[in-house]
Structure formats: C-alpha cells, structure tokens
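Visitor: Below: one structure in structure tokens.
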Amino acid sequence: MNSKIVTSFVAAGVLLIVVIILLLVWRDLNPLLGAIVGASLGWAAGILLAPYDEEKRRFERLSKNVAAFLGGYAVAKIDRVFDLLLDKSGGIPRVLDSSLQHAFWIALVCFIVTAVTVFVARTYE
C-alpha cells in the first residue's frame, strides 16, 4: 500500500479520535452538527479536487454553474451573516459564544481532514 495513503489515513484517524473526544467532553449538539456539515462538505470538496477521468467533464460544467450561483448568493448575503454574528441580544456578540466557536472549529477541522483524505485516496490509489 502507498505510504502517502497510509500516512493520510493514520493522521485522519488520530484527528477523528480527537474530534470524538472533544464532542464527548462538550456534550453540545452544535459542534456535532458542525462536524457532520464539515465532513460532508469536505467529502464533496475532495471529490471535486480529484475527480476520476469520467467525472472530469461533468464536474467542469457543473462547477462553473455552481460557482457563479454561490458566488452571487454569498456576496448578496454576507452583510446579513455579519449582522447575525455581531448580534448582542444575548449580552455578548454571537461570534464570542463558545458553542458557536466550537462548532466552527470542529467543522473546519472535519472539512480539511475529510477533503485531504478523500483527495489523497482518489489521487494515489
């Protein structure tokens, strides 16, 4: 078996154990949802970054359309996201809420680990 695949899978396994331990310690559903969303988006990103030959043509067409739609939508809604993050209705801005921070960082870790693992598995098989 290729050493790049083994190294990637071992690192992903170690990080997965750390994420599971954190989720068990925090006992909060927001980071769990972040982990699920991050892993799902990371899986899709890994597939898009390393498509098989038969997927390449379909992804090129699809990615242009999706990028145009999401780019326009994100630009139109970015001010609303900042308004929600800086909302002080609970006493402190939501961006400083520990549950939201846990969910964000867990989602980011799961996204990166899953994307890299899927990319390596598809590239070096």
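Just so it is clear, none of the values below were taken in a lab; they were calculated from the coordinates. It should be emphasised that the depicted structure is a prediction, and the values quoted were computed from it without experimental measurement. Here the Cβ is made from the backbone with ideal geometry for all residues, glycine too, and neighbour counts use every protein chain on show.
Visitor: Taking region 34-71, which residues are surrounded by 15 or more Cβ atoms within 10 Å (Cβ to Cβ) and aliphatic (A, V, I, L, M)?
Guide: Matches in region 34-71: Ala35, Val37, Ala39, Leu41, Ala45, Ile47, Leu48, Ala50.
Visitor: Any residue in region 105-125 that is touching a residue at least 60 places away in the same chain (Cβ under 8 Å) and farther than 12 Å from Leu49 by Cα sitting within a Cβ distance under 7 Å of a residue that is of a type in the set (Val, Ile, Thr) and part of a helix (DSSP H, G or I)? List the pairs, counting only those 6 or more apart or interchain.
Guide: Ile106/Val19; Ala107/Val37; Val109/Val19; Cys110/Val19; Tyr124/Ile5
Visitor: Can I ask one more? Given the criteria surrounded by fewer than 13 Cβ atoms within 10 Å (Cβ to Cβ) and either part of a helix (DSSP H, G or I) or touching a Leu at 6+ places or on another chain (Cβ under 6 Å) (or both), does Asp87 qualify?
Guide: Values: surrounded by fewer than 13 Cβ atoms within 10 Å (Cβ to Cβ): yes; either part of a helix (DSSP H, G or I) or touching a Leu at 6+ places or on another chain (Cβ under 6 Å) (or both): no.
Judged against the criteria, Asp87 is not a match.
Visitor: Given the conditions (1) aliphatic (A, V, I, L, M); (2) farther than 25 Å from Leu29 by Cβ; (3) touching a Lys or Arg at 6+ places or on another chain (Cβ under 9 Å), which single one is not true for Ala76?
Guide: So the condition that Ala76 fails would be (3).
Visitor: Here is a follow-up. Given the conditions (1) within 19 Å of the chain's Cα centre (by Cα); (2) touching a residue at least 24 places away in the same chain (Cβ under 8 Å); (3) closer than 30 Å to Met1 by Cα, which single one is not true for Leu100?
Guide: Leu100 satisfies all of (1) within 19 Å of the chain's Cα centre (by Cα); (2) touching a residue at least 24 places away in the same chain (Cβ under 8 Å); (3) closer than 30 Å to Met1 by Cα except (3).
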